[in-house]
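Comments concern the structure below.
Please treat every number below as a calculation from the coordinates, not as lab data. If you're wondering where the values come from, they're calculated on a predicted model, not measured in any experiment. Note that we place each Cβ from the backbone using ideal geometry, even for glycine, and neighbour counts take in every protein chain shown.
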Amino acid sequence: MALYNQITIIGLGLIGSSMARGIKERGLTDKLIGFDNNKEYHSTIQSLELVDDLAKTIENSVENSDLVILATPVGTYSEISKKIAPSLKEGSTITDVGSVKSSVLKMLSAHIPDHVHLIPAHPVAGTEQSGPKAGFSKLFHDRWAIITPPEGADKEAIENLKQFWEALGSNVEMMDPDHHDQVLAITSHIPHLIAYNIVGTARDLETVTKSEVIKFSAGGFRDFTRIAASNPTMWRDVFLNNKDAVLEMLGRFSEDLTALQRAIRWEDGDALYDMFEKTRRIRKQIIDAGQDEDVADFGRHQDD
């Protein structure tokens with residue numbers, strides 16, 4: 001059933017192309033418009049028939065659309081919103097898929113006109129792959145989509161967006177933008193930062209060769225490399241736009257790491273055991289909550 005007469009997706013990489021596939025499979029719009037400024041993607045987008053129309057300009061892409069989705073790195077939002085603001089349809093909704101929300105709300109609020117409903121969102125789903133070929137419609141199945149409406153946002157527009165994400169298979173949570181950024185800083189952003197750092201350290205080791213790092217990588221290091229293979233532009237923008245929350249959580253992490261360092265130095269086995277037992281229980285709770293699968297790739301198997 002069509003929830004919107006016309007939808008526009010700006011950015012048809014992993015998330016955008018996955019949304020396009022899901023929208024088409026479930027008939028959530030009468031017409032799906034796409035725009036991507038990466039011309040190397042255009043032939044792939046068209047051959048996969050991801051959208052009904054691939055717009056030539058970003059301004060034209062949003063004309064007459066009831067829902068506009070920004071699926072580009074958050075660092076592009078300010079420039080994009082400036083360009084599309086005059087062309088947005090009165091009463092339409094603009095949303096996004098970025099993993100930071102407070103800075104996104106500020107960036108978009110500066111340009112989006114009052115007659116458009118601004119409702120940021122964040123699907124907590126993804127893989128380390130990128131580009132339109134990497135997308136798959138089941139990416140959002142049984143994953144969380146967090147909607148962070150600003151104060152005074154239109155209730156009907158919020159409800160429509162909620163139904164949209166549910167139709168794509170997501171579980172929907174409403175959250176304050178600042179609280180979202182705190183939660184995601186520790187559950188997503190810091191793990192990515194640590195992964196980038198660990199892989200970088202392994203690369204720079206002088207006493208262990210790169211070939212040995214690759215040859216003898218156990219499951220733990222392999223999984224870190226998967227995270228560290230994520231889109232560098234996207235994650236650069238995430239850290240710059242969630243700076244305060246990331247630095248606060250990084251400080252907490254550094255304090256806990258110092259405590260572990262002290263326990264190892266003084267051979268405090270009880271302290272180490274207590275820490276490992278607590279974190280083991282968290283892992284079990286994550287699995288019990290259905291937020292991972294018993295496979296070695298973070299539950300990222302693609303079925304189609």
TODO: Calculate one ³J(HN,Hα) per residue across segment 123-139 by plugging θ = phi - 60° into the Karplus curve 6.51 cos²θ - 1.76 cosθ + 1.60, and present them in order as whole Hz with x for glycine and proline.
DONE: x, 8, 7, x, 9, 7, 7, 9, x, x, 5, 6, x, 8, 5, 8, 4
Open item on the list: Rounded, prolate or oblate, given the Cα gyration tensor of segment 131-203, with a/c below 1.5 counting as rounded?
Closed with: oblate
- [ ] May I ask for the net charge around Lys31, where only other residues with Cβ less than 12 Å from the Cβ of Lys31 are counted and Lys, Arg are +1 while Asp, Glu are -1?
- [x] -4
Open item on the list: Going 7 Å from the Cα of Asn197 along its beta-carbon direction, which residues of segment 226-264 have the amide nitrogen within less than 12 Å of the resulting point?
Closed with: 247-258
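Let me check against my output: what whole-number percent is the relative contact order of segment 179-288, with C-alpha pairs under 8 Å and at least 6 apart?
33 percent
May I ask which of Lys24/Lys138; Lys56/Lys106; Lys39/Lys133; Lys101/Lys243; Lys83/Lys162; Lys56/Lys83 have a Cα-Cα span longer than 18 Å here?
Lys56/Lys106; Lys83/Lys162
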Task: Cα-derived Rg to Rh of the chain, Kirkwood definition - done: 1.00
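Based on the Cβ-Cβ distance from Gln46 to Val213, what FRET efficiency comes out when R0 is 51 Å, to the nearest 0.05? Intermediate results must be reported in sequence, preceding the final value.
On the way: r = 41 Å, r/R0 = 0.80.
The value I calculate is 0.80.
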TODO: Distance between Cα centroids, segment 116-141 to segment 23-82: provide it in whole Å.
DONE: 13 Å
Task: Net +/- balance of residues flanking Pro132 in space, Cβ distance below 12 Å, scoring K and R +1, D and E -1 - done: -1
Task: Under DSSP loop assignment and at most 16 Cβ neighbours within 10 Å, longest chymotrypsin sites (Phe, Trp or Tyr not before Pro)-free interval of the chain - done: 1-215
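How high is the FRET efficiency between Asp270 and Ile186 when r is their beta carbon distance and R₀ equals 35 Å, given to the nearest 0.05?
Values: r = 26 Å, r/R0 = 0.74.
Computed FRET efficiency for Asp270 and Ile186 comes out at 0.85.
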Task: 222 nm mean residue ellipticity, helices alone, for the chain (DSSP H n ≥ 4; -39,500 (n - 2.57); rounded to 500) - done: -14500 deg cm²/dmol
Task: Relative contact order, percent, segment 4-175 [alpha-carbon distance under 8 Å, six or more residues apart] - done: 25 percent
Open item on the list: For segment 179-288, compute Rg over Rh where Rg is the Cα radius of gyration and Rh is the Kirkwood radius from the inverse mean 1/r over Cα pairs.
Closed with: 0.99
TODO: Within segment 150-233, list the GluC sites (Glu not before Pro) lying in a DSSP loop whose Cβ has at most 12 other Cβ atoms in a 10 Å radius.
DONE: Glu151, Glu206
Open item on the list: Expected output is a single nm value to one decimal: the length gained when fully extending between Lys31 and Asp256, i.e. 0.36 nm times separation in residues minus the C-alpha distance. What is it?
Closed with: 75.9 nm
TODO: Give the long-range amide H neighbours of Leu118: residues separated by 5 or more places, or on another chain, with amide H under 5 Å away, using H modelled in the peptide plane at 1.01 Å from N.
DONE: Ile94
- [ ] Could you run the Karplus curve 6.51 cos²θ - 1.76 cosθ + 1.60 with θ = phi - 60° over segment 155-166 and give me ³J(HN,Hα) per residue in whole Hz, x for Gly and Pro?
- [x] 5, 5, 5, 5, 5, 5, 5, 4, 5, 4, 5, 5
